[in-house]
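The values are calculated or read from the model by the stated rules, or taken from the named source; none is laboratory data. Nothing here was measured: the structure is a model prediction, and the numbers come from that model. Because the Cβ atoms are built from the backbone with ideal geometry, glycine has one as well, and the counts that use them run over all protein chains shown. Just the protein is used for accessible areas: all its heavy atoms, side chains included, with ligands, DNA and RNA removed. Shrake-Rupley method; radii C 1.70, N 1.55, O 1.52, S 1.80 Å.
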Amino acid sequence: MRAKAELERLEAIVDASGVAERIEAMLPLGVRPRQLRVRTLLIGMLAVAADGRPAHLSRVHEALLALPEAEQRRLGVIAEWKGGPHRLTYRQVERTFSLVSRALGKDEPDGEPSQALAEALDALLEASVAEACEPASGSVAVDWTDLEAFSRPPRSDGRCADPDAAWGRRRGNSPGEADEAFYGYYLQVVTIVKEERGPEAPELVRRIQIASCDVDPPPALVPVLERMAKSGIAIGDVLADSGYAYRKPESWALPVRRLGAQLVQELHPNDRGAQGTHMGAVRANGNLYCPATPAALLELGPLARGASEEEVAAHDGKAGELARHKLGPIAGYDADGYRRLACPAAQGKLRCPLRPESMTLDHTRPEVISPPEHPPVCCSQQTITAPPSVNAKTAQKHDYPSPSHRRSYARRSAAERAYATVKDPASNDISRGWCRLTGLAPIALFAATTVIARNLRVADSFAARAAEEERRAAAGLPPRRRKRRRRSAEDLIAAAGAPP
C-alpha cells in the first residue's frame, strides 16, 4: 500500500504542472462523464514508475486499486453510481488513456511530438524538478540514446503497428560490433549539472525530447532549449559530445548561442586542427591563431583516456604553449556576434619581430623565428574583426583541448548517468518490452513519468548525502570519500594471479 506522503508528492507534481487541466479541456465530452479523470490517470502512471514497474496500463490499473479506500474515493477510483459504489475497471483506464494519446498526438504522424505533447512533457518535468529541490545551476548536459519500440519493424508491404517509429543506429553489444540497427525512437535528456566553480547539484533531468529516428536529434533539441529560455530559465553552459558539435552551425551551435548559453563540446575529429584562415590568422579548434603557430601545436588532440601523470603534464604544457599563440579578444561579442581580436604579440603573449615592442619581453615566452615575408592583415593591423561566421561550428567557452576544457567537459557524464538510471534492470528499465504501446504520444508520456520517478530518487539520495555530510561535519569527522569501483589493469592482473 502506497504511503500517504509519497502519494501527496506525486499529486503535487501533477497539480503544479497544470497538465491535467489542459488535457482535460482537449478531450471530447461523452454521453456520460468519465469516471477516470486525467489527473488520476497521471498519478497512477507516476505511481507505476515510482515502484519500478513496467509501463503497462494494467499496472496503472493495479496501482490505483492498491490505494487505500479513502484515497480511491477521493481520486474517483471508486465512484457512486445508481447501482451503488463502482470500482474503476481496466477498460476505463484504457479508454481515458487512448483519449489523452489521441489529443496529444498528430493526425498525420511525422515522427515529431506535437506542440501540445511537447508542452505537456516540459511542464511535467519542470514540476518534478521544482518538487525535488530548487535548481542551483543553469548549466546542463545533453545527450541522446536509443528507445526501442515494442512494435515489429515494417513488413515488405510497409505496414507496421507503430507508424511513428523508424530505423536507427545504436552502439552494439556484441564483440567487435561498433553499432547495430534498431527500430524505435531517439530519447534526449537535458540534465542539470553543477557550475564550474559552484556547489554540488543534484543531476535532475529538466527536459526530455523524443522523436523518430528519422529526425536528427540535435536540431530537434533546439526548440526544447528555446522553450526553456522563453519560460525564464537562464541557460548557462551546454555540455555536448561530438554528435552535436559536428552538426551544421545553423542547426545547433548558432541557435544555442543566441539563447545566451556557452557551449562546452567535444570536437569531432574532422573539425580538429587547422580549418583555413581568416585575415591570415589560422582557424583551429574554435579559435584564431598566429600564422606562425607550429603545426604540431595546431594538431594537438584531446588527452588519451588513462594517460599517466607525465603524459598529462606534457599535454597540458603543449596546450599552454598553444594558448600563447591565440589571438585574444579585446572586447565581448556585440549584438550581431562580432568581436575584436588582437595579435598575441601585441598582447605580450609571445615575441615576434613584426612587433618590435614584443621583443623586449623575457625569453620565457615563445618567439616567432620565421615571421611571414609578406605579413597578412592579422600581422599588419593591431586588431582584426571576427564575424560570427568564423568558427561558428567549433567556438566554445574554453580553448580546446586545454585542461580547463577537460575539467569542464567532464561534467557531461551526468547525462550518461541519467540514462544508466532509467536503463537499470533493478528499477526502471526502458529496454524493449518496457512499454507495449505504440505511437509517439503514449511512449513519450510513460517515458516522462519514468524520468520523473528517477528525478525523485536522485533528489532523495542527494538530500540524504548532504544530511550525512552535515552530521559528520558537526561531529568533527572528515567528509566521506566516494570509493572508485573501477580498478586498473595492473590491479586486475595482480588479483587474478593472487593465491587463493
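Quick notes
- The phi torsions of the range 136-149, fed into the Karplus equation with coefficients 6.51, -1.76 and 1.60 and a -60° offset, translate into couplings of 9, 8, x, 7, 9, 10, 10, 5, 10, 9, 7, 9, 6, 6 Hz, rounded to whole numbers, with Gly and Pro shown as x.
- For the chain, calculated [θ]222 nm from helices alone, where every DSSP H run of n ≥ 4 adds -39500 (n - 2.57): -11500 deg cm²/dmol
- Cα-Cα pairs of the chain separated by more than 37 Å (percent): 42
- Separation of the alpha carbons by more than 25 angstrom is noted, of Lys318/Lys397; Lys248/Lys397; Lys4/Lys423, for Lys4/Lys423.
- Leading residue at positive end of dipole, the chain (Cβ point charges), from Leu221, Thr277, Gly337: Leu221
- Taking a Cβ cut-off of under 12 Å around Gly198, the surrounding Lys, Arg, Asp and Glu residues balance to a net charge of -1, with basic ones at +1 and acidic ones at -1.
- Within the straight-line cut-off of under 15 Å between alpha carbons, the aspartates and glutamates reachable from Lys106 are Glu119, Asp162, Asp164, sequence neighbours fewer than 8 places apart in one chain being disregarded.
- Accessible surface of Trp167 - all protein chains present, 1.4 Å probe, nearest 10 Å²: 140
- Distant-in-sequence amide contacts of Ala281, defined by a placed amide H-H separation under 5 Å and a gap of 5 or more residues or a different chain, comprise Cys378.
- Local electrostatic count at Pro153 - Lys and Arg +1, Asp and Glu -1, tallied over other residues with Cβ under 11 Å: +1
- For Ile384, the shell of other residues with beta-carbons less than 14 Å away shows a net charge of +4, using +1 for Lys and Arg and -1 for Asp and Glu.
- Between the range 294-319 and the range 53-103, the alpha-carbon center distance in angstrom: 60
- Prolate/oblate/rounded label for the range 110-179 (Cα gyration tensor, a/c 1.5): oblate
- Solvent-accessible area, 1.4 Å probe, carbon plus sulfur percent, for the range 206-342: 50
- Each residue of the range 42-47 was assigned a 3J(HN,Hα) from its phi angle through the Karplus expression (A = 6.51, B = -1.76, C = 1.60, θ = phi - 60°), giving 5, 5, x, 5, 5, 5 Hz with x at Gly and Pro.
- Heavy-atom accessible area for Phe462, with the other protein chains in place and a 1.4 Å probe, reaches approximately 50 Å².
- Converting phi to 3J(HN,Hα) with the Karplus coefficients 6.51, -1.76 and 1.60 and the offset θ = phi - 60°, the range 338-354 yields 8, 7, 9, 10, 10, 4, x, 5, 5, 8, x, 9, 8, 9, 9, x, 6 Hz in sequence order, with x at every glycine or proline.
- Label-point gap, in nm, between Gln382 and Ser98 - each point 7 angstrom along Cα→Cβ: 7.6
- The residue among Ile43, Val14, Pro28 whose Cα reaches farthest toward the positive pole of the charge dipole of the range 1-53, with charges on the beta-carbon of Lys, Arg, Asp and Glu, is Pro28.
- The convex hull built on the alpha-carbon positions of the range 322-469 has an orientation-averaged projected area of 16.5 nm².
- Shape of the range 1-159, Cα gyration tensor, a/c cut at 1.5: oblate
- Per residue, the accessible area of the range 1-80 comes to 48 Å², computed with a 1.4 Å probe over protein heavy atoms only.
- Ranked by the mean number of other Cβ atoms within 10 Å of their residues, highest first, the peptides 391-397, 184-190 come out as 184-190, 391-397.
- Once the 1.4 Å probe is applied to the protein heavy atoms, the range 161-271 comes out at 43 Å² accessible per residue.
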